[in-house]
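Here is the structure we will look at.
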Amino acid sequence: MKTLKDVNVGERATVVKLHGEGPVRRRIMDMGITKGVDIYVRKVAPLGDPMELNVRGYELSVRKADAELIEVK
């Protein structure tokens, strides 16, 4: 299983499944990350957390802990 955390800078990935429960899953979905959406990894902070993404035409910062809950292909 490949997660968003494993995607390198400059690569694109498509969301296959969201893991997690309750409020965490709901927050990820509220940010626009849902099944089938295309995500581009713009950059990662120098210490590795957070990572900056382009999702649905806007920029979004996501913590690595949240990125581990997003399964991609």
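Assorted remarks:
- The conditions of being under 16 Å from Leu69 (Cα atoms) and open to solvent by less than 70 Å² (accessible area, probe 1.4 Å) are not met by Ala45.
- Options Asp38, Asp6, Asp30: the member that is over 17 Å from Lys73 (Cα atoms) and open to solvent by 50 Å² or more (accessible area, probe 1.4 Å): Asp30
- In segment 1-26, the residues that are without any contact (Cβ under 8 Å) to a residue 40 or more places away in the chain and within 22 Å of Glu59 (Cβ to Cβ) form no Cβ pair under 8 Å with any partner that is surrounded by 11 or more Cβ atoms within 10 Å (Cβ to Cβ) and polar (S, T, N, Q), whether six or more places apart or across chains.
- One residue alone among Leu69, Leu53, Leu60 is touching a His at 6+ places or on another chain (Cβ under 6 Å) and either surrounded by 13 or more Cβ atoms within 10 Å (Cβ to Cβ) or of a type in the set (Ser, Thr, Tyr) (or both), and that residue is Leu69.
- Sub-8 Å Cβ pairs linking a first residue in segment 53-69 that is among the hydroxyl-bearing types (Ser, Thr, Tyr) to a second residue that is assigned to a strand (DSSP E or B), at least 6 apart or interchain, are Ser61/Met51; Ser61/Glu52; Ser61/Leu53, ordered by first then second residue.
- Flag if Tyr58 is among the aromatic types (Phe, Trp, Tyr) and at pLDDT 95 or above: no
The values are calculated or read from the model by the stated rules, or taken from the named source; none is laboratory data. Bear in mind that the values here come from a model prediction, so they are computed numbers and not experimental data. We place every Cβ from the backbone using ideal geometry, glycine too, and count neighbours over all the protein chains shown. Keep in mind that these areas ignore ligands, DNA and RNA; they rest on the heavy atoms of the full protein, side chains included. Shrake-Rupley method; radii C 1.70, N 1.55, O 1.52, S 1.80 Å.
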